[in-house]
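Undergrad: My questions all concern the structure below.
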Amino acid sequence: MVSPLRLNLLRAVYFMIFLFTATQFWPLILTHRTPPTLMTGVARCLLAALTPLTLLALRHPLKMLPVMLFELFWKAIWFFGIGLPLWLSGHVTPEVFESIKACGFGVVICPIVIPWGYVFRTYLKAPGEPWTGAGAGRAAPSVAAGSR
């Protein structure tokens, strides 16, 4: 069981992600003020895709936990693989410093709000969906029974 406090903390972080992606990436995509490089454009679109997903997560914070895990993983990878080496080598520009702060914030906040017991029980311990066979594509019995 995940506490209402934890659910609301998740919602608060999803909402922060929603606000950031909606205000920082969508204007750049829609106005074309700054023509991006190919990979910058890809990164902007990938992160802009988080906007509708985090909106859904406000209603379904546990069902959308993979979005929060994605947020944690990409920020941790960038922070430790790109940001920290730049910091340690003394090659931090103001733009890089802003990314270090934003990713560092995510690396600290996401692990605090993620209900790790739920993640373990749901994604690691519980049996996965079948790859083949008669059960593939069918709803779980508890879901099917509740929809009648």
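The values are calculated or read from the model by the stated rules, or taken from the named source; none is laboratory data. For clarity, every value in this text was computed on a predicted model and none was experimentally measured. Virtual Cβ from ideal backbone geometry, glycine too; neighbours counted across all protein chains shown. Note: areas computed on protein heavy atoms with side chains; ligands, DNA, RNA excluded. Shrake-Rupley method; radii C 1.70, N 1.55, O 1.52, S 1.80 Å.
Undergrad: Output the residues belonging to segment 1-42 that are over 22 Å from Phe120 (Cα atoms), surrounded by 14 or more Cβ atoms within 10 Å (Cβ to Cβ) and hydroxyl-bearing (Ser, Thr, Tyr).
TA: Selection gives Thr21 alone.
Undergrad: So, one more: What number of residues within segment 95-120 are of a type in the set (A, V, I, L, M), crowded, with 17+ Cβ neighbours inside 10 Å and part of a helix (DSSP H, G or I)?
TA: 4
Undergrad: Still on this model: Select from segment 43-67 the residues that are farther than 20 Å from Pro111 by Cβ and open to solvent by less than 20 Å² (accessible area, probe 1.4 Å) and write down the one among them that is modelled with the highest pLDDT.
TA: Step by step, filter segment 43-67, then rank; the result is Thr51.
Undergrad: Exactly one condition in (1) β-branched (Val, Ile, Thr); (2) within 25 Å of Phe15 (Cβ to Cβ); (3) surrounded by 14 or more Cβ atoms within 10 Å (Cβ to Cβ) is not met by Val92; state its number.
TA: With respect to (1) β-branched (Val, Ile, Thr); (2) within 25 Å of Phe15 (Cβ to Cβ); (3) surrounded by 14 or more Cβ atoms within 10 Å (Cβ to Cβ), Val92 is out only on (2).
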